[in-house]
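Here the structure is laid out as structure tokens; the discussion comes afterwards.
The values are calculated or read from the model by the stated rules, or taken from the named source; none is laboratory data. Predicted model only: the values in this text are computed from it and were never measured. Quick reminder, even Gly has a Cβ in these numbers, built from the backbone with ideal geometry, and neighbours come from all protein chains shown.
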Amino acid sequence: MFLFGATSPTPVTFTLAGLCAGLTEGIVINPFEVVKVKLQADRQRLSVQPSSFAVARSILHTKGMGLEGLNKGLTATLGRHGVFNMVYFSFYFNMKGLVPEVEDQTLDVLRRFAIGLVAGILASTINIPFDVAKSRIQGPQPVLGEVKYRKCFASIKTVYMEEGFFALYKGLLPKVLRLGPGGAVMLLVYEHVYEFLQKKFGP
């Protein structure tokens, strides 16, 4: 389905599709993120650490499914994935149409890889404040018994006011090293599989 009666995807189509995909992803994965962060923050030895299922059940029993329980930090997770996918897919598919294709198949793969790499780096750079907020909200609080980081935008503001602008970009390098090449590879594999299926089974 294309916007405003267009016969092919428009830049707005790619942007909204990426945003909706990211928001959907954020809703689905947030409970798993809460459990993951809880396990990673646990300093017990692995042999005595409770299982993922046990941690999830404990959170559900004590805090429920709400924003203090398995959906803690949901707004930050929505921001992280919504913004990332919106920028990532929009940049890749729009730039791919602007950068001319190369006849040599190997060079064209490199062209698409480069666009995907830049898309992943750009999206990671733009969405990382939400990632920092998510980590602060879902992770251990600075003072035991006190909740300092509770809401997404309030947490971003607190980090900015107390630690400075660049604190919102902590962890950017490993994030870029992971999602830059990872994003490029994902889209290349997707396109190759899609093209293969088209040739085999038709459009």
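Among (1) in contact with a Leu (Cβ under 7 Å, 6 or more places away or on another chain); (2) under 15 Å from ILE29 (Cα atoms), which single condition is THR125 missing?
Condition (2) is where THR125 drops out.
What pairs come up if the first residue lies in region 19-41 and is among the acidic types (Asp, Glu), the second is modelled with pLDDT of 95 or more and surrounded by 17 or more Cβ atoms within 10 Å (Cβ to Cβ), and their beta carbons are under 8 Å apart, counting only those six or more places apart or on different chains?
Here the result reads GLU25/HIS81; GLU25/ASN85; GLU33/GLY73; GLU33/THR77; GLU33/LYS134; GLU33/GLN138, each pair linking region 19-41 to a residue that is modelled with pLDDT of 95 or more and surrounded by 17 or more Cβ atoms within 10 Å (Cβ to Cβ).
Here are some residues: ALA119, ALA123, ALA114, ALA76. Which one is assigned to a helix (DSSP H, G or I), surrounded by fewer than 20 Cβ atoms within 10 Å (Cβ to Cβ) and in contact (Cβ under 8 Å) with a residue 60 or more places away in the chain?
It is ALA114.
Report yes if SER90 is closer than 30 Å to ALA41 by Cα, part of a helix (DSSP H, G or I) and either touching an Asp or Glu at 6+ places or on another chain (Cβ under 9 Å) or at pLDDT below 95 (or both), otherwise no.
Against the criterion (closer than 30 Å to ALA41 by Cα, part of a helix (DSSP H, G or I) and either touching an Asp or Glu at 6+ places or on another chain (Cβ under 9 Å) or at pLDDT below 95 (or both)), SER90 does not qualify.
If you check LEU173 against the conditions, is it within 27 Å of ARG43 (Cβ to Cβ), under 20 Å from the mean Cα position of the chain (by Cα), without any contact (Cβ under 8 Å) to a residue 12 or more places away in the chain and exposed (fewer than 15 other Cβ atoms within 10 Å of the Cβ)?
yes
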